[in-house]
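The values are calculated or read from the model by the stated rules, or taken from the named source; none is laboratory data. Computed from a predicted structure; not experimentally measured. Cβ sites come from the backbone with ideal geometry, for glycine too, and all protein chains shown count toward neighbours.
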Amino acid sequence: MGRSLVLNASFEPLAVVTARRAVVLVLKEKAEILESNGMVFRSEKLAIPAPSVVRLQYFVRVPYRARASLTRRAVFARDEWTCQYCGRPAENVDHVIPRSRGGTHTWENVVAACRRCNARKENRLHGEIGLRLRRRPYVPRDGLRLSLGRLEPEWEPYLARTNGHKRAARVAGNGRPA
Ligand SMILES: [Zn+2]
């Protein structure tokens, strides 16, 4: 049924949830539908458009976060789902300096990698096996956008409002509205 962008009552983007979960928010009158993805959610008693963007009916305070959360999804988004060694589609997250050799689990030491490069590297440094990094891994600035993963076209107008914001969304500590 797809995914749904959740906006705060103030229209600030907060998180992405499954469209099914967004429907539950709407049915509980915790959120209103702003955009639909064209599909219809049906149960025994009702049929409502599957939401693509919902807005909470109440305001959620979003804690300020200086750094984007280091998640698998965010790493893939930063690296555009591309292996940073060979350019193929990425499937794994690779530690540039392997953890077994003291590498840290930080933005500056993780990259998206294809299974092949990841397996080739194992506990070695890329330079030791002739791999080159396409660009140095960096701490991304737009944490919220990255935390959303792949963007749906209907979301763009709502995300444009937050360009430049450094805060990333997280509701109730787990990325989902309570
Ligand atoms: Zn690769």
Q: State all residues of the stretch 99-134 that are more than 20 Å from THR71 (Cβ to Cβ), part of a loop (DSSP other than H, G, I, E, B) and not small (Gly, Ala, Ser); if no residue qualifies, say none.
A: GLU122, ASN123, ARG124, LEU125, LEU131, ARG132, LEU133, ARG134
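Taking the stretch 113-136 on its own, how many of its residues are more than 9 Å from the ligand (Cβ to nearest atom) and either exposed (fewer than 10 other Cβ atoms within 10 Å of the Cβ) or not polar (S, T, N, Q) (or both)?
Let us first name the residues in the stretch 113-136 that are more than 9 Å from the ligand (Cβ to nearest atom), namely 119, 121-130, 132-136.
Now restrict to residues that are either exposed (fewer than 10 other Cβ atoms within 10 Å of the Cβ) or not polar (S, T, N, Q) (or both): 119, 121-122, 124-130, 132-136.
Matching residues across the stretch 113-136 total 15.
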Q: Select, from ARG20, ARG55, ARG61, the only residue that is among the basic types (Lys, Arg) and crowded, with 19+ Cβ neighbours inside 10 Å.
A: ARG55
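Answer yes if at least one residue in the stretch 53-72 is more than 24 Å from GLU156 (Cβ to Cβ), away from the ligand (no atom under 16 Å from the Cβ) and polar (S, T, N, Q), and no otherwise. Before you say what the answer is, go through the steps one by one.
Initially, the stretch 53-72 is screened for residues more than 24 Å from GLU156 (Cβ to Cβ), giving 58, 61, 63-64, 66-67, 70.
Restricting the remaining residues to those that are away from the ligand (no atom under 16 Å from the Cβ) gives 58, 61, 63-64, 66-67, 70.
Okay, now just the ones that are also polar (S, T, N, Q), so none.
Checked the stretch 53-72: no residue is more than 24 Å from GLU156 (Cβ to Cβ), away from the ligand (no atom under 16 Å from the Cβ) and polar (S, T, N, Q).
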Q. Restricting attention to the stretch 80-96, and to residues there that are at pLDDT 95 or above and of a type in the set (D, E, K, R), which single residue is nearest to the ligand (Cβ to nearest atom)?
A. ARG88
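Which members of the stretch 117-172 meet the condition of being among the small types (Gly, Ala, Ser) and at pLDDT 75 or above?
Within the stretch 117-172, ALA119, GLY127, GLY130, SER147, GLY149 qualify.
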Q | VAL111 vs. criteria over 21 Å from GLY149 (Cα atoms), at pLDDT 95 or above and not assigned by TED's automatic domain parsing to the domain that holds ALA15 | A | no
